[in-house]
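Everything on this sheet refers to the single structure shown next.
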Amino acid sequence: MDNMTFGKYIPGNSIIHRLDPRLKICAVFIFLISVFFDAGFIGYGILAIYVLLCSLVSKIKLSHILKAIKPMVFMMLFLMIFNIFLMKTGDVIIKIGSISIYSGALLQTAYIFIRLVLIITLTTLMTSTTKPLELTLAIESLLNPLKRFRFPVHELAMMISIALRFIPDLLDEAKRIMKAQASRGADFNEGSFMEKIKSIISLIIPLFISAFQRAEELANAMESRNYNPEATRTKYKVLTWTHLDTLSMLITLGVCCGVIIMSFM
């Protein structure tokens, strides 16, 4: 089991690293909207070029992005197979007994694969070039208008930040537990279906216990420091919006809006 790279910040001084985290969150949100519009392979090609340029500018290694995609391969394959055999649109291309595979199913399956790869890649770039603290400040800043409706903005931003911070730690803990269980004879790859279920349970239970212990330790540490989410506090780091952020937002809007318009044409 390889370490998952999602949620891990990679220090750097690239243009993407220096962009305002609020811009990155908004750009990812706009990208997510545009990627679900059916703009054909040309539209997805444009989005892929946009993601590739972001990756090159950020100076994040391709191997780092591939490690983020690898844990999602099983889910992607499951969705693709599920789509191929259940969708009944287009012409019949392959017929095996009572099972027919349609051209529309293959097309939609290709779209699903491309969408997932683009989404995972861009979100990985965001988390790899943005510190968890900056993401917390950005989320809190973007949701700040909801404070008028007594929405717990700070608490929500804090929970998201803690979740992002502990994802890599929990995955490392899962890897250690798997090695410990394997040394005791547990086999996660071979055996019958029930044996695999028992092996997974032997992994999940210690992982949950470890997660609850970490949560309790964190809660005790915050209480010992008299942490009060409702208290008025100053910020160590103040977010600033620059001309580079404005230019980046215009480029993102131009690309995504262009793809959305293409989907209607």
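For region 1-144, what is the relative contact order in percent, using Cα pairs closer than 8 Å and at least 6 residues apart in sequence? Each step should come with its number before you reach the end.
Working: 132 pairs, mean separation 58.3, N = 144.
So the answer I get is 40 percent.
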For this session: Measure off, as a whole percent, the carbon and sulfur share of the 1.4 Å-probe accessible area of region 69-150, all protein chains present.
Result: 72
For this session: Calculate, for the chain, the solvent-accessible area per residue in square angstrom, rolling a 1.4 angstrom probe over the heavy atoms of the protein chains.
Result: 63
Exercise. How many lysine pairs in region 11-119, separated by 8 or more positions in sequence or lying on different chains, have Cα atoms less than 24 Å apart?
Worked result: 7
For this session: Once you've got the GNM for the chain with C-alpha springs shorter than 10 Å, pick whichever of 99, 209, 60 has the biggest mean-square fluctuation.
Result: 99
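Given the convex hull of the Cα atoms of the chain, what is a quarter of its surface area in nm²?
19.5
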For this session: Could you tell me the largest-minus-smallest coordinate of the C-alpha atoms of region 103-146 on each of the three principal axes, in descending order and whole angstroms?
Result: 47, 26, 7
Exercise. Given 10 Å bins starting at zero, what is the percent of C-alpha pairs of region 1-145 in each, up to the one with the largest pair distance?
Worked result: 11, 33, 31, 17, 7, 2
Problem set entry | Computed accessible area, residue 232, all protein chains, 1.4 angstrom probe, square angstrom | 140
Exercise. What shape does region 64-137 take by its C-alpha gyration tensor, where a ≥ b ≥ c are the square roots of the eigenvalues and a/c under 1.5 counts as rounded, a/b above b/c as prolate, and the rest as oblate?
Worked result: prolate
For this session: Might you work out the accessible area of residue 216 for me, using a 1.4 Å probe with all protein chains in place, and round it to the nearest 10 Å²?
Result: 110
For this session: Please work out how much length the chain gains when fully extended from residue 236 to residue 143, using 0.36 nm per residue of separation minus the C-alpha to C-alpha distance, in nm with one decimal.
Result: 31.6 nm
Exercise. Mind ordering 251-259, 18-26 by average Cβ neighbours within 10 Å, highest first?
Worked result: 18-26, 251-259
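The values are calculated or read from the model by the stated rules, or taken from the named source; none is laboratory data. Since this is a predicted model, take the numbers as computed values, not measurements. Cβ sites come from the backbone with ideal geometry, for glycine too, and all protein chains shown count toward neighbours. Calculation scope for accessible area: heavy atoms of the full protein, side chains included, ligands and nucleic acids excluded. Shrake-Rupley method; radii C 1.70, N 1.55, O 1.52, S 1.80 Å.
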